[in-house]
Amino acid sequence: MPNCGNVLSIGRVKSDHAGIYKCTASNSAGMDEREIRLSVLFPPELTTATPVVKQKIGYVKEMVCNIKGYPPSTPEQIAWMHEGRPVVSEGRIEIRNIPGASNRITSIVTIYGVRSEDFGRYTCSANNDKGSGEVSMSLLDQQAAFCHLSSSQPQYTRCQYHNV
């Protein structure tokens, strides 16, 4: 299609400008249209819905990291750290990277049977050809509520709740 002066200009391109654009032209001779896909290259942007998560010892806990970038990060370009040490998918710990739509990946660390040594700061990081990003979250101990029953006065109950 010859350029007749109508141009779509996008200043300060952002990742959400990516997509399919359609150009339609019509005159007395008829109509024509073309589609073009615009890909925007950008480094990974990482987020988490829960920067502080709590769990009791012995229970299962998941920590979720949402990654968006183009080109998308590969599983080898996604890493988890706990207090500066690499988190490895083995034994009680499982790491899953789930591809989604629009160049998104959800990375999940699942800890089966949380132990006291699992508490602390976790960092999810990802990189691609355009750069890198990271997000951190903290896993804290969630103490259970417990009650003391008084046998001398059974109509009264004193409950205590401890939380870190």
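Determine whether the stretch 141-151 contains at least one residue that is surrounded by 10 or more Cβ atoms within 10 Å (Cβ to Cβ), aromatic (F, W, Y) and either modelled with pLDDT under 95 or in a strand (DSSP E or B) (or both). Looking for residues that are surrounded by 10 or more Cβ atoms within 10 Å (Cβ to Cβ), aromatic (F, W, Y) and either modelled with pLDDT under 95 or in a strand (DSSP E or B) (or both), one finds none in the stretch 141-151, hence no.
A quick yes/no check of all residues on (1) of a type in the set (F, W, Y); (2) farther than 22 Å from H17 by Cα; (3) in a loop (DSSP other than H, G, I, E, B):
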| position | (1), (2), (3) |
| --- | --- |
| V53 | no, yes, no |
| G58 | no, yes, yes |
| M81 | no, yes, no |
| T106 | no, no, no |
| Y122 | yes, yes, no |
| E134 | no, yes, no |
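Considering only residues that are at negative phi, surrounded by fewer than 15 Cβ atoms within 10 Å (Cβ to Cβ) and polar (S, T, N, Q), which ones fall in the stretch 101-123? T106, S116 - these are the residues of the stretch 101-123 that are at negative phi, surrounded by fewer than 15 Cβ atoms within 10 Å (Cβ to Cβ) and polar (S, T, N, Q).
The set of residues in the stretch 34-73 that are of a type in the set (A, V, I, L, M) and surrounded by 14 or more Cβ atoms within 10 Å (Cβ to Cβ) comprises V40, L41, L46, V53, I57, M63, V64, I67.
Can you run down the residue pairs with Cβ atoms below 7 Å, 6 or more apart or on separate chains, where the first is in the stretch 44-62 and in contact (Cβ under 8 Å) with a residue 40 or more places away in the chain and the partner is in a loop (DSSP other than H, G, I, E, B) and loosely packed, with under 14 Cβ neighbours inside 10 Å? Going by the 7 Å Cβ cut-off, the qualifying pairs are K56/A144; I57/R115; G58/G113; V60/Y112. When the residues of the stretch 10-43 are filtered to those that are of a type in the set (S, T, N, Q) and under 30 Å from S132 (Cβ atoms), which remaining residue is nearest to the chain's Cα centre (by Cα)? The qualifying residue nearest to the chain's Cα centre (by Cα) is S15. Within the stretch 75-92, which residues are among the hydrophobic types (A, V, I, L, M, F, W, C) and either buried (at least 16 other Cβ atoms within 10 Å of the Cβ) or within 12 Å of the chain's Cα centre (by Cα) (or both)? I78, A79, W80, V87 - these are the residues of the stretch 75-92 that are among the hydrophobic types (A, V, I, L, M, F, W, C) and either buried (at least 16 other Cβ atoms within 10 Å of the Cβ) or within 12 Å of the chain's Cα centre (by Cα) (or both).
The values are calculated or read from the model by the stated rules, or taken from the named source; none is laboratory data. Owing to the predicted nature of the structure, the values given are computational and were not obtained by experimental measurement. Backbone-built Cβ (ideal geometry, glycine too); neighbour counts: all protein chains shown.
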